[in-house]
Structure formats: C-alpha cells, structure tokens
Amino acid sequence: MALLIGSRKKRTAVFISGKGSNLKSLIKFSKKKKSPISICLIVSNNYKAKGLIYANIFKIKKKIFSFKNKIFVEKKLISELKKNKIELICLAGFMEILSNHFIKNFSGKILNIHPSLLPKYKGLNTHDRVLKKKEKYSGCTVHYVNSRLDAGRIILQKKVKISENETSKSLSRKILKEEHKLYPNAILKIFNL
Ligand code: GRF
C-alpha cells in the first residue's frame, strides 16, 4: 500500500453484517487527526445489522445489498464503491465471501479482521474450536483479503491469554476489546504511520 500523500484521508468503506463494534471503533479512529482514513460508506448484506445505527449516529452514507444473486449484486456494489471513489475497504464482521472478481477490482485494498491467531482457526465458530482444543492463547488478526478464506497477508496480530473457566462468550468479549485497538493500528501500519 502506498504512503499517504499529503494529508488527504483515504476514502474508506466498512462492510458489516452484525453488531458493528469494530465499525464504531474505526469511525472514532477516523475522526482523529492522525488517522489516514475517512469513512464515507457503510455497506451491509443485512438490513437488520445492528451496526447500521452508526450510519445514522455519525451521518455516514449506508447501502444495503441482499447477496441472493451474488454476481448481479457485486456488480452493483462495485459501481457504488467506484461512484463513491472508495480507496480502502475494511471488512468488519462481514459474513459474505466476496468473489475473485470483486477482490481483483480492489486488489491490495481490502482488509479483514478475524478473531484468531491466523493461520490458526480460519472460518466460523472460532472461539468454540479454540476452547475445545484447550489452547492457552488466542487473539485477533488483521490481514489483507485474497481469494482464499482468511488467508491473505497478515498485517498485525494481538495475542490474548485464555483464562481458566474461559467461555466462548468471555473470550469473544476479551478479543473484541483487542480488535478495537488492532484494526486502527493495522491501518496506521499499512500507511507507514
Ligand atoms: C469480530 O469478532 C470480527 O473479528 C469478526 O466478526 C466480529 C464482528 O464483530 N470477523 P462486530 O460486528 O465488529 O462487533
């Protein structure tokens, strides 16, 4: 990713499907002077996503796309992103798999956050699987998105210790707290800030 030229912030879209706690932390981060991004668009595949509330609170444009017909929808989505001159896409709990065609259109410009220490525990139900394996540590990872699930180049990771009696819920809470710091830090890192 190229260095930030001058002080113009990169026009960023955040894709969500659920609660949007990472979206909220990214919005807060984007408002800081040192932040290289400005969030111009929130995309969701789910009109019931709780995180959409942040579009109203922070007056950010939102677009909802039903992914029933992926090829058709991605075409519309790509043109919406281009229309809004989006330069960076942050996936934050977005539950659709984007096609190779989509990824190629924004090559090197799509980031994702995943609640495990990748390459371990790709995919869904991460915390349950981690606890079942009696791991001592888990964590979160921000990575570039490529055509393979949760497999693009890693930008930043944060390790957390698993406590005795840890539940999937408590682990998720603990890791989410770290995610809210990790995503902004990963963005600073890719812009060499
Ligand atoms: C996070 O744990 C993220 O790592 C994963 O989905 C969850 C989204 O949480 N990809 P939120 O919607 O940002 O609160």
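The values are calculated or read from the model by the stated rules, or taken from the named source; none is laboratory data. All of these numbers come straight from a predicted model, not from anything done at the bench. A quick note on method: Cβ atoms are made from the backbone with ideal geometry, for glycine too, and the neighbour counts reach across all protein chains shown. Quick note on the areas: whole protein, heavy atoms, side chains included, nothing else; ligands and nucleic acids left out. Shrake-Rupley method; radii C 1.70, N 1.55, O 1.52, S 1.80 Å.
The set of residues in segment 137-150 being among the hydroxyl-bearing types (Ser, Thr, Tyr) and either surrounded by fewer than 17 Cβ atoms within 10 Å (Cβ to Cβ) or at positive phi (or both) consists of TYR137, SER147.
Matching residues to (1) within 16 Å of the ligand (Cβ to nearest atom); (2) among the β-branched types (Val, Ile, Thr):
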site	(1), (2)
ILE64	yes, yes
SER99	no, no
ILE103	no, yes
ILE110	yes, yes
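Does PHE72 satisfy the condition of being away from the ligand (no atom under 16 Å from the Cβ) and either on the phi > 0 side of the Ramachandran plot or among the hydrophobic types (A, V, I, L, M, F, W, C) (or both)? Judged against the criteria, PHE72 is a match.
Contact annotation: residue pairs with Cβ atoms under 7 Å, 6 or more positions apart or on different chains, pairing a residue in segment 5-34 that is under 16 Å from LYS189 (Cα atoms) and assigned to a loop (DSSP other than H, G, I, E, B) with a partner that is of a type in the set (Gly, Ala, Ser) and more than 16 Å from the ligand (Cβ to nearest atom), are LYS9/SER35; LYS9/SER38. Once segment 151-186 is narrowed to residues that are more than 14 Å from the ligand (Cβ to nearest atom) and among the charged types (D, E, K, R), the residue that is least open to solvent (accessible area, probe 1.4 Å) is GLU166. Residue-level check: of (1) more than 12 Å from the ligand (Cβ to nearest atom); (2) under 18 Å from GLN157 (Cβ atoms); (3) part of a loop (DSSP other than H, G, I, E, B); (4) not charged (D, E, K, R), GLY123 misses just (1).
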